Amino acid sequence: MAAVATRTPTLSVLGGFRLSSGGATVNLPSNARRVLGFLALNDTGHQRHVLAGRLWTSASQERAQANLRTAIWRVRQTLPGVVDCSRDSVRLNPAVTVDYRGMTALAERLLHRKLAQDDLRQVPFGLLAADLLPGWDEDWLLIERERHRQLRMHALEALSTQLTDIGEYGLAVDCAYAAIAIEPLCESATKALLRACLAEGNRAEALRQFHRFRDLLADETGLHPTRQLMELMGGTLAGAKPG
């Protein structure tokens, strides 16, 4: 297989796996993609025998390490410089751009309110809403997916709240809906949506969304909205017809 011309590679794991160089997709066999997917989520070096054991849990250690050697060889033959290898360890080359790492950095900045107003308006919230390696059935992905789910949900809530604060109500509503889509029973996501609707003066929509959440919460868990959510809706609930 001919090697792709060396340019700064980009590795995407959000919304699906894609390795590209110079805008062109780089095709790799399954085992090579699995190695890169793991390394994309873990930016430190990994001992070869540990990495092989994580990726090929049902194989013998000898077979697992042979699989790893073959996978790394295919990556290096196809796109040199993507992985850094020593005799004992493997890591993704720090020069490779990874969308997951960009997303986590963005999420942390949102959670700590470190974005200026103009930057808030330009945040690609679709990146925050994208699933991590959808369709992959890997044991090592279970915890990573849950961590990613929680991080992106709270980042979308934070973005919605901050957009509401600067009067960007339409964008705030979109972000809140994206957070709700991740976890419909998360009250903080619904709270962000209600804040945006109420700030915009759209009390009818806020009331409709409150009732949707209240009924879903009761049906699924038998619980009721918290006092904080009730207080947010305060006057809107008081002036509404019973429902």
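The values are calculated or read from the model by the stated rules, or taken from the named source; none is laboratory data. Source: prediction; values computed, not measured. Cβ placement follows ideal geometry from the backbone for every residue including glycine, while neighbour counts extend to all protein chains displayed.
The one condition from (1) over 23 Å from Arg54 (Cα atoms); (2) charged (D, E, K, R); (3) part of a strand (DSSP E or B) that Arg91 does not meet is (1). For the residues Thr190, Thr236, the requirement of being within 24 Å of Ala158 (Cβ to Cβ), surrounded by fewer than 21 Cβ atoms within 10 Å (Cβ to Cβ) and of a type in the set (Ser, Thr, Tyr) singles out Thr236. Residues in region 116-136 that are in a helix (DSSP H, G or I) and within 14 Å of the chain's Cα centre (by Cα) were compared, and the one that is surrounded by the fewest Cβ atoms within 10 Å (Cβ to Cβ) is Gly126. Summed over region 55-79, residues that are part of a loop (DSSP other than H, G, I, E, B) and under 30 Å from Pro124 (Cβ atoms) total 1. Can you name every residue in region 60-93 that is over 18 Å from Ser20 (Cα atoms) and of a type in the set (Val, Ile, Thr)? Answer for region 60-93, where residues must be over 18 Å from Ser20 (Cα atoms) and of a type in the set (Val, Ile, Thr): Thr70, Val90. Cβ-Cβ distance below 8 Å, separation of 6 or more or different chains: which pairs start in region 54-73 with a residue that is without any contact (Cβ under 8 Å) to a residue 40 or more places away in the chain and not assigned by TED's automatic domain parsing to the domain that holds Asp137 and end on one that is polar (S, T, N, Q) and in a helix (DSSP H, G or I)? If the second residue must be polar (S, T, N, Q) and in a helix (DSSP H, G or I), the pairs left are Trp56/Asn67; Ala59/Asn67; Asn67/Asn31; Thr70/Asn31. Considering Leu127, Leu28, the condition of being closer than 21 Å to Leu151 by Cβ, among the hydrophobic types (A, V, I, L, M, F, W, C) and in contact with a strand residue (DSSP E or B) (Cβ under 8 Å, 6 or more places away or on another chain) is satisfied by Leu127 alone. Is it the case that Leu14 is touching an Asp or Glu at 6+ places or on another chain (Cβ under 6 Å) and either loosely packed, with under 13 Cβ neighbours inside 10 Å or not basic (Lys, Arg) (or both)? Judged against the criteria, Leu14 is a match.
When the criteria are applied in full, Ala52 fails the requirement of being surrounded by fewer than 17 Cβ atoms within 10 Å (Cβ to Cβ) and outside any loop (DSSP other than H, G, I, E, B). Where helices (runs of 4 or more DSSP H) fall entirely within region 151-226, those with at least 2 residues that are over 20 Å from the mean Cα position of the chain (by Cα) and farther than 30 Å from Tyr100 by Cα are at 187-199, 203-221.
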